[in-house]
Amino acid sequence: MDNQKIREAAMRLHQAEHLVVLTGAGVSKESGVPTFRDAMDGLWAQFDPQELATPAAFKANPKMVWDWYEYRRTLVNKVKPNKGHLAIAALEDMLPEVVVITQNIDGLHQAAGSSDVIALHGDIRRHKCSDNCEGDPTLIDISKLEWDRESGPPPCPHCGKNVRPDVVWFTERLPLDALNRANDLSSKADVMLVVGTSGLVQPAASMPYRTKRWNSGFIIDVNPQEDTITPLADLYINAPSGEALPLIVRAMREAR
Ligand code: BV8
């Protein structure tokens, strides 16, 4: 681990007045959640997630898409936040303003104690009527439903249409209030900590550009591999977040 870079990241974060932490699937990898582009093990290795996470796939084969999400939800319900999530949560007690903007749908930042999380792509643990028959979103608690699980998704108890995960699929709009707040905060951030994202999915991947263009904010990128944000970053730490982030927080504490 490059200690000089850890110390510089700690110094930059220490001075942050408006910190935005933008995270992707990589921050949950060390909790045991496969990233989007990892080969999904077992049954799903032969599918392209970008093909499965779409309204068209759900319409064409609701059971296949539903089963994929149930497989992922069962896995997410078993895992815990890792040291990277916990380090991000710890920043809140050290800095005046910390907002986490995540692309992840696993709820691990909230479980780690982060209190202001914008989940741009929804939450795999929540479900809704695919028709939003009682308003957007028509949330459904599937734990209260009885149905033949072999048949795929349960019918909405209000209108009978398929229930679906409350996540944002490709070609679907992001929730407007979440997106607007995320864009606004990214434009005002003086420091953005980008963790564990390939930076391939829009409009989330445009957030660092907002920080740079609107506020000349300082961008720190934490990823064991270079990603599309790395060239824009002022400081690139090529390490797993579960290793780098606790070291940065420790260096911040020592500097106080
Ligand atoms: C929309 C929920 C428009 C579901 C997901 C320009 C503008 C607007 C849209 C587009 C555009 N260009 C293209 C589009 C369309 C599309 C898009 O971006 N396509 C891409 C692929 C080209 N975007 C959309 O469709 C979005 N909708 O914009 O609507 C619109 C406008 C008007 C009217 C109608 C529509 C919706 C996008 C949301 C899709 N839903 N998730 C689910 O999860 O099942 S996206 C999903 O994939 C994830 O949520 C995440 O966002 C993305 C995966 O990216 P990452 O999180 O970065 O994960 P990845 O695996 O790629 O990378 C992991 C990284 O971690 C790697 O770099 C790795 O090195 C690193 N890593 C590994 N280990 C570690 C680590 N890092 C740290 N520590 C470690 N230990």
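Bear in mind these aren't lab numbers, they're just calculated from the coordinates by the rules spelled out. As the structure is a prediction and not an experimental result, all values here were calculated from the model. Reconstructed Cβ throughout: ideal geometry from the backbone, glycine too, with neighbour counts over all protein chains shown.
Structure notes:
- Site pair His14 and Asp234 shows an inter-label distance of 1.5 nm when each label is modelled 7 Å from Cα along Cα→Cβ.
- Close amide-amide hydrogen proximity is noted between His18 and Asp190, Val191, each under 5 Å apart and 5 or more residues distant or on a separate chain (H modeled in the peptide plane; Pro and chain starts excluded).
- The phi torsions of the stretch 83-97, fed into the Karplus equation with coefficients 6.51, -1.76 and 1.60 and a -60° offset, translate into couplings of 5, x, 4, 5, 5, 4, 5, 5, 4, 4, 7, 10, 10, x, 8 Hz, rounded to whole numbers, with Gly and Pro shown as x.
- Counting only DSSP H runs of at least 4 residues, each contributing -39500 (n - 2.57), and dividing by the residue count of the chain, the helix-based mean residue ellipticity at 222 nm comes to -10500 deg cm²/dmol.
- Angle in degrees between helix 62-78 and the longest Cα principal axis of the chain, rounded to the nearest 10: 50 degrees
- Residue-by-residue Karplus 3J(HN,Hα) for the stretch 242-248, coefficients 6.51, -1.76, 1.60, Hz, glycine and proline x: x, 9, 6, 5, x, 5, 5
- Mean Cβ count within 10 Å, highest first, over the residues of peptides 47-54, 162-169: 162-169, 47-54
- Burial ordering of Trp214, Trp68, fewest other beta-carbon atoms within 10 Å first: Trp214, Trp68
- Legend: residue pairs Lys78/Lys212; Lys128/Lys188; Lys5/Lys80; Lys80/Lys128; Lys80/Lys212; Lys29/Lys212, Cα-Cα distance threshold 31 Å; pairs beyond threshold, Lys78/Lys212; Lys128/Lys188; Lys80/Lys212.
- Here is the size of the stretch 37-134 from its Cα atoms: Rg then Dmax, 15.9, 49 Å.
- Normalised by the number of residues in the stretch 125-169, the mean separation of alpha-carbon contacts (under 8 Å, six or more apart) gives a relative contact order of 47 percent.
- Taking Cα atoms only, the orientation of helix 176-188 departs from the longest principal axis of the chain by about 10 degrees.
- The stretch 58-126: relative contact order as a whole-number percent, Cα under 8 Å and 6+ apart: 30 percent
- With N as its number of residues, the stretch 130-203 has a Cα radius of gyration that, divided by 2.2 N^0.38 Å, comes to 1.52.
- Counting all C-alpha pairs of the stretch 85-172, share separated by more than 17 Å (%): 57 percent
- Averaging Cα coordinates gives a centre for the stretch 228-243 and one for the stretch 26-100; these two points are 20 Å apart.
- Evaluating kT/(6 pi eta Rh) at 10 °C and 1.306 mPa s, with the Kirkwood radius of the chain over Cα pairs in the Stokes-Einstein relation, gives 83 µm² s⁻¹.
- Other-chain or far-sequence residues with amide H under 5 Å of Ile219's (modelled H): Met192, Asp234, Leu235
- Antiparallel bridges, percent of DSSP beta bridges restricted to the chain (to nearest 5): 30 percent
- Computed on the chain, with alpha-carbon pairs under 8 angstrom and 6+ residues apart, the relative contact order is 26 percent.
- The protection proxy used here, the mean number of other Cβ atoms lying within 10 Å of each residue, ranks peptides 230-241, 83-94 as follows, highest first: 83-94, 230-241.
- Selection from Ser31, Leu91, Thr138, by position along the positive dipole direction of the stretch 26-153 (Cβ): Ser31
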